[in-house]
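In what follows, a single structure is set out as structure tokens and then discussed.
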Amino acid sequence: MGAFQTHKRTIRIADFEHPRGAVSIETLMAMERPDWAHLRDQINLRRADIPGQPLARCRLCEHGVFIRAQAVDDDHLPMFAHFPGGPEDCPWYDGGTIRPDDARAAQYQGHQESALHRRTCQTVEAMAKQDASCVDSAIDTYLRPAVHQRGRYPDVFLFMTGLGRFAVEVQLSKPFAPEISARHLHYDREGVKLIWVFLELAKPLPQGFHDVISMQRGNAFLFDAAAEAESLAMGTLVLSCYLENGKGGWLAPRLVTLDDLDITTGRSVFLEDRRSERLIALCKDGRSRWWQALAQARREKPDNPFHHDAYEPAWASVRAHVPALSQWKDDHWARHGERGRAHLASLFAILCSVAHSAERGEDVLYISRYSGDGRLLAMLNSKLSSTSYFPYADLLETFLGNSACRDLIDRASFRKLIAAARAGSPQVGQDHPVWMAMARLFPEALNSLIRAELADLGRLPGWAQGAEPEKAEAA
């Protein structure tokens, strides 16, 4: 029976390790490419590093899953798929996956190097050897490992004084995701900087090239005619660097040397970190309108800032991302006789107080009039004593736990009020419009996928890094 005949359906939900949690197929397919590409990278890196401990598992059979990039027109569609060996009796069994070694054999048909590949490697080495700082080089030569038993055969090995060791992998055909991950892990552990080099950026770009570019944080390096000419002129290896423009295309290419590259972040070598900057901009953009509205309202209407019309553009912005807020707004008015927009604005001010206190290392309040030491805890306790904030006990505890103000969670007064709030009201969960709105405004603390990605990239801001819990104190 062929794979088509045994195919049943796609995996509907994958359960990721904490902090990501469950990711549905609908959530996956709605992601921008950089977001699902990062998940794909992390799954493959874990598979290469600890094969028996998958990062994501099928909800039904608990077998490890990865993200398959299915070619559709000139793009790719992300889908969950079982790793080879998945149980055929799983209701979401997808017909099996070709093993990496078999796929590699089918692609190369026993011939893994072409004349063009060999010539490119020789030219790359020759350009690097012009530079007096190049004290050692080799082509397709076994590199004895310093840490692990098995070494590698980098296409081009370079040892540059002041920069260290480089493995340059010249890629003319589509690389395979497992091999990409394995090489990044290996060279990172060996203290060797890995650079993938293409000759061109084909249209459409093969998924394997996308995987490489994702690992290099949105950077694609080419050894094209312009790079070769500049290498001869400068007397060192020069590459053409293409940076993602955030719109599915590329910025104008820049000619760069090895000295220009950031080689401080382990697995990734890049000119500019386009992936992290995109996420950071997304986080700031999400709450910028609300912060501007809060500042204007407190200035112009200090006694009752949350009913100021300055919040209207901010409300419209977040509602565009969370349409269910419209129905929640009507329901909130019917139940509490309070404008939903004003209520959301007050909740934003509470979370802003926590975030800015965590950032500055001292208590900062944008709501209530408490003063003196401990005013942040006093404000939180006051709000949790109000029935209108009872539903947000889980949200507030999660936010605090994912911030540098984490120690407040263990204060006796806070724990008592959290318990009372939970007993007094059902809690809003991550699928509630209010939680979703706050996760849009503070994704560093409340969006588990974005939070994890920032942490993976080493760019989670200090205020959102949960401090080590301290001894509980009475307050």
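Side notes on the structure shown:
- Index of the failed condition, G96 passing every other in (1) loosely packed, with under 15 Cβ neighbours inside 10 Å; (2) at pLDDT below 95: (1)
- Scanning the range 227-238 turns up no residue that is within 22 Å of H76 (Cα to Cα), modelled with pLDDT of 95 or more and either of a type in the set (A, V, I, L, M, F, W, C) or not assigned by TED's automatic domain parsing to the domain that holds P34 (or both).
- The set of residues from the range 76-87 being modelled with pLDDT of 90 or more and not aliphatic (A, V, I, L, M) comprises H76, P78, F80, H82, F83, P84, P87.
- For the residues G151, G164, the requirement of being exposed (fewer than 15 other Cβ atoms within 10 Å of the Cβ) and touching a His at 6+ places or on another chain (Cβ under 9 Å) singles out G151.
- If the condition is being closer than 30 Å to R165 by Cβ and over 17 Å from the mean Cα position of the chain (by Cα), then the range 270-320 contributes only L271.
- Single unsatisfied condition, Q292 versus (1) closer than 28 Å to L446 by Cβ; (2) touching a helix residue (DSSP H, G or I) at 6+ places or on another chain (Cβ under 8 Å); (3) surrounded by 19 or more Cβ atoms within 10 Å (Cβ to Cβ); (4) at pLDDT 95 or above: (3)
- Only one entry of S214, S240 meets the criterion of being assigned to a helix (DSSP H, G or I), of a type in the set (S, T, N, Q) and in contact with a helix residue (DSSP H, G or I) (Cβ under 9 Å, 6 or more places away or on another chain), and that entry is S214.
- Contact map, the range 258-270: residues that are surrounded by fewer than 22 Cβ atoms within 10 Å (Cβ to Cβ) paired with residues that are part of a helix (DSSP H, G or I), Cβ distance under 6 Å, separation 6+ or inter-chain. Pairs shown: G266/D188; R267/H184; R267/D188.
- Members of the range 333-379 found to be aliphatic (A, V, I, L, M), assigned to a helix (DSSP H, G or I) and under 20 Å from W291 (Cβ atoms), listed by number: A342, L344, A345, L347, A349, I350, L351, V354, A355, A358, L376, M379
- Residues that are more than 15 Å from G21 (Cβ to Cβ), without any contact (Cβ under 8 Å) to a residue 60 or more places away in the chain and hydrophobic (A, V, I, L, M, F, W, C) were ranked within the range 420-462; the one that is surrounded by the fewest Cβ atoms within 10 Å (Cβ to Cβ) is A423.
- Flag if A229 is assigned to a loop (DSSP other than H, G, I, E, B), surrounded by fewer than 19 Cβ atoms within 10 Å (Cβ to Cβ), aliphatic (A, V, I, L, M) and out of contact with any Cys (no Cβ under 9 Å at 6 or more places or on another chain): no
- Test: residue in the range 130-143 that is touching a Gly at 6+ places or on another chain (Cβ under 7 Å), of a type in the set (S, T, N, Q), surrounded by fewer than 20 Cβ atoms within 10 Å (Cβ to Cβ) and part of a loop (DSSP other than H, G, I, E, B): yes
- Of all residues in the range 407-435, those being in contact with an Asp or Glu (Cβ under 8 Å, 6 or more places away or on another chain) and assigned to a helix (DSSP H, G or I) number 6.
- Subset of the range 217-236 that is out of contact with any helix residue (DSSP H, G or I) (no Cβ under 9 Å at 6 or more places or on another chain) and touching a residue at least 24 places away in the same chain (Cβ under 8 Å) - its residue that is nearest to L39 (Cα to Cα): L222
- In the range 368-394, the residues that are touching a residue at least 40 places away in the same chain (Cβ under 8 Å) and hydrophobic (A, V, I, L, M, F, W, C): L377
- Yes/no for V364 being among the β-branched types (V, I, T) and out of contact with any Phe, Trp or Tyr (no Cβ under 9 Å at 6 or more places or on another chain): yes
- For the range 165-211, a residue qualifies if it is in contact with a helix residue (DSSP H, G or I) (Cβ under 7 Å, 6 or more places away or on another chain), hydrophobic (A, V, I, L, M, F, W, C) and part of a loop (DSSP other than H, G, I, E, B), and the qualifying residues are L172, F176, L199.
- Single residue of the range 323-342 satisfying the filter (surrounded by fewer than 20 Cβ atoms within 10 Å (Cβ to Cβ) and of a type in the set (A, V, I, L, M, F, W, C)) that is farthest from the chain's Cα centre (by Cα): A334
- Taking first residues from the range 333-345 that are aromatic (F, W, Y) and partners that are modelled with pLDDT of 90 or more and part of a helix (DSSP H, G or I), the Cβ contacts under 9 Å between residues at least 6 apart in sequence or on separate chains come to W333/G340.
Results for (1) under 24 Å from A445 (Cα atoms); (2) in contact with a strand residue (DSSP E or B) (Cβ under 7 Å, 6 or more places away or on another chain); (3) crowded, with 22+ Cβ neighbours inside 10 Å, shown as yes or no for each residue.
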residue	(1), (2), (3)
S276	yes, no, no
K301	no, no, no
Y311	yes, no, yes
L344	yes, no, yes
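- Count - residues of the range 380-391 that are in a helix (DSSP H, G or I) and surrounded by fewer than 18 Cβ atoms within 10 Å (Cβ to Cβ): 3
- Taking the numbered list (1) part of a strand (DSSP E or B); (2) buried (at least 18 other Cβ atoms within 10 Å of the Cβ) in turn, L77 passes all entries but (2).
- Number of positions in the range 246-298 that are closer than 25 Å to A452 by Cα and small (G, A, S): 8
The values are calculated or read from the model by the stated rules, or taken from the named source; none is laboratory data. Since the structure is predicted, the reported quantities are computational estimates derived from the model, not experimental observations. All Cβ positions, glycine included, derive from the backbone under ideal geometry; neighbour counts span all protein chains shown.
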